[in-house]
Amino acid sequence: MQPMQPAQLTLLDPMHHHRENGQLLAHHVVIPSDPGEARRVQEHIEQLLVNAACHDHDLFSIKLALEEALVNAIKHGNQYDRNKKVEVAYSVQGDRFTIHITDEGEGFDPADVPDPTAFENLERPCGRGLMLMNYYMTEVTYNESGNSVLMSKTFRLNGQK
């Protein structure tokens with residue numbers, strides 16, 4: 001059975017794509033603030049990870065964190081304004097997946113987001129996505145203005161971290 005081909009996306013910076021054994025490892029796309037476009041990016045990344053023989057647990061972790069980060073960029077950062085763009089750069093390099101997502105919003109301070117596990121916040125809808133991103137990814141960092149997140153995941157080897 002042949003591996004699935006990644007969904008077609010308009011990739012930017014073709015000179016900055018890196019290949020290893022013929023496999024495209026680095027990608028850069030800019031999409032409108034549209035959940036449908038975000039799903040296309042997610043599908044593309046999932047196919048790349050499957051083709052790279054990513055462990056199922058790692059694939060689940062990345063998919064969940066990726067969805068949360070893209071929703072945050074579109075919903076909270078760009079306020080669903082289709083005229084505002086979301087920039088997504090990602091790569092698979094050896095045992096590591098890295099993704100950088102930037103929106104055109106004003107940003108936020110992650111320290112100001114209430115702890116979703118605190119009793120008084122259990123029924124509030126805010127903060128859960130950030131908590132999941134931090135739990136499932138190896139590293140999550142934000143730029144100073146809070147409109148850009150860099151996440152990475154180190155893959156398990158033989159099912160081990």
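We did not get these values from a lab; they are worked out from the coordinates using the rules stated. No experiment lies behind these values; they were computed from the predicted model shown. Glycine also receives a Cβ, built like all others from the backbone with ideal geometry; neighbour counts cover every protein chain displayed.
Label reach from Q79 (point 7 Å along Cα→C-beta): in the range 100-139, amide nitrogens under 18 Å belong to 103-109.
Around N147, which amide H atoms from residues at least 5 apart in sequence, or from another chain, sit under 5 Å from its own amide H, with H modelled in the peptide plane? Answer set, sorted by chain and number: F108.
Convex hull of alpha carbon positions in the range 14-154: directionally averaged projected area 9.0 nm².
Charging the Cβ of each Asp and Glu at -1 and of each Lys and Arg at +1, and nothing else, the dipole of the range 14-154 about its Cα centre rounds to 420 debye. When only alpha carbons are used to place a centre, the range 93-155 and the range 39-83 end up 13 Å from one another. Rounded to whole numbers, the Karplus 3J(HN,Hα) couplings from phi for the range 57-67 are 5, 5, 4, 4, 4, 5, 4, 5, 5, 4, 4 Hz, using 6.51 cos²θ - 1.76 cosθ + 1.60 with θ = phi - 60°, and x at Gly and Pro.
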